[in-house]
Amino acid sequence: SLFASCMGANALGDITGMVAEAGHEVQMHLHPEWAQAVPGLQSVYNGGNNLQDYSEEQQYQMLEMGLNNLAAAGVAGPRAFRAGNYGAGFSTLKALARLGIEFDTSYNYCYLHSDCDLQTPEPLLQPTELEGVVEFPVSFFQDWPGHYQHTQLTACSFGELSAMLDQACQHDWSSFVIVSHGFELLNPTRNAPDS
């Protein structure tokens with residue numbers, strides 16, 4: 001959502017319009033790298049690629065601008081967020097709560113020791129309130145001893161996703177989060193669907 005500060009609300013509106021026309025909700029996603037090119041945020045940008053690299057107040061400024069860009073593109077009241085690179089920290093959740101964002105899905109167990117800084121005493125498997133926001137963790141599984149894989153549409157086989165969904169059902173999970181990017185269903189040149 002922050003890129004619209006450089007490219008304009010119409011560019012963001014084109015994207016969000018396609019999402020809405022397909023019957024989906026439009027929520028918020030943000031990469032702080034755009035701040036270096038955004039008037040009013042250039043002094044905030046410190047070279048960090050993750051929101052958690054910034055103070056709560058700096059994150060608040062970026063998130064507020066992202067929300068304003070979505071509003072200018074015709075998107076009213078997003079309620080959910082995911083940080084670019086899963087790069088959130090507890091200060092991110094505090095900033096989201098201040099802005100009225102109720103849900104976050106930045107917790108990714110597989111990124112906890114790199115980009116994601118939402119360390120909890122036990123791995124999050126189901127929605128949990130953290131810092132005034134309900135955190136919906138990206139689902140994950142152990143694909144070989146000592147290695148974990150998050151559930152992403154094109155990073156897992158159909159068999160892996162199917163088995164994990166079956167297990168989640170058996171354990172009466174209320175939530176199972178699968179990550180997907182729109183381009184994952186396109187061919188390598190991204191000009192047609194990938195059959």
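The values are calculated or read from the model by the stated rules, or taken from the named source; none is laboratory data. This structure is a prediction, so every number in the text was calculated from the model and none was measured. Cβ coordinates were reconstructed from backbone atoms using ideal geometry, including for glycine residues, and neighbour counts include every protein chain displayed. Please note that ligands, DNA and RNA were not included when accessible areas were found on the heavy atoms of the full protein model with its side chains. Shrake-Rupley method; radii C 1.70, N 1.55, O 1.52, S 1.80 Å.
Mind telling me which of Gln52, Gln126, Gln170 comes out most flexible in a GNM of the chain, alpha-carbon contacts under 10 Å? Checking each option, the largest mean-square fluctuation is seen for Gln170.
Between Ser162 and Asn46, the modelled labels are 4.8 nm apart [label points 7 Å from Cα along Cα→Cβ].
Note on the chain: with neighbouring protein chains present and a 1.4 Å probe, carbon and sulfur make up 52 percent of its accessible heavy-atom surface.
What ratio of Cα Rg to 2.2 N^0.38 Å holds for the range 51-119?
Working: Rg = 11.8 Å, N = 69, 2.2 N^0.38 = 11.0 Å.
After normalising by residue count via 2.2 N^0.38 Å, the value is 1.07.
Full extension of the chain segment joining Glu33 with Leu186 gains 52.6 nm, where the gain is 0.36 nm per residue of separation less the Cα-Cα distance. Karplus-based coupling profile of the range 175-190, in residue order and whole Hz: 8, 8, 9, 10, 8, 8, 10, x, 5, 5, 9, 9, 5, x, 8, 6, with θ = phi - 60° in 6.51 cos²θ - 1.76 cosθ + 1.60 and x standing for Gly or Pro. Each 10 Å bin, from zero up to the one with the longest distance, holds this percent of the alpha carbon pairs of the range 1-107: 16, 50, 30, 3. Considering only alpha-carbon pairs that sit under 8 angstrom and 6 or more positions apart, the relative contact order computed for the range 14-141 is 22 percent. Extending 7 Å from the Cα toward the beta-carbon at both Thr128 and His24 defines two label points whose distance is 2.7 nm. Ordered from longest to shortest, the equivalent ellipsoid semi-axes for the range 87-195 are 25, 19, 14 Å, each the square root of 5 times a Cα gyration tensor eigenvalue.
Amide hydrogen proximity for Ser106: with H placed 1.01 Å from N in the peptide plane, the residues at 5 or more positions away or on another chain lying under 5 Å are Ala83, Phe136.
Write down the accessible area per residue of the chain in Å², having rolled a 1.4 Å probe over the full set of protein chains.
Accessible surface, normalised per residue, equals 53 Å².
If you take the beta carbon distance between Ala71 and Ser114 as r and set R0 to 30 Å, what does 1/(1 + (r/R0)^6) give as a FRET efficiency, to the nearest 0.05? Could you put the intermediate results ahead of the total?
Values: r = 32 Å, r/R0 = 1.08.
So, using R0 = 30 Å, E works out to roughly 0.40.
Here each label is just a point 7 Å from Cα along the line to Cβ, and for Glu57 and Met7 those points are 3.1 nm apart.
Please compute the net charge surrounding Leu112, taking Lys and Arg as +1 and Asp and Glu as -1 over other residues with Cβ under 14 Å from its Cβ. Taking every other residue near Leu112 into account, the sum is -4. The alpha carbons of the range 87-135 occupy a box of 27, 20, 15 Å along the principal axes, longest dimension given first.
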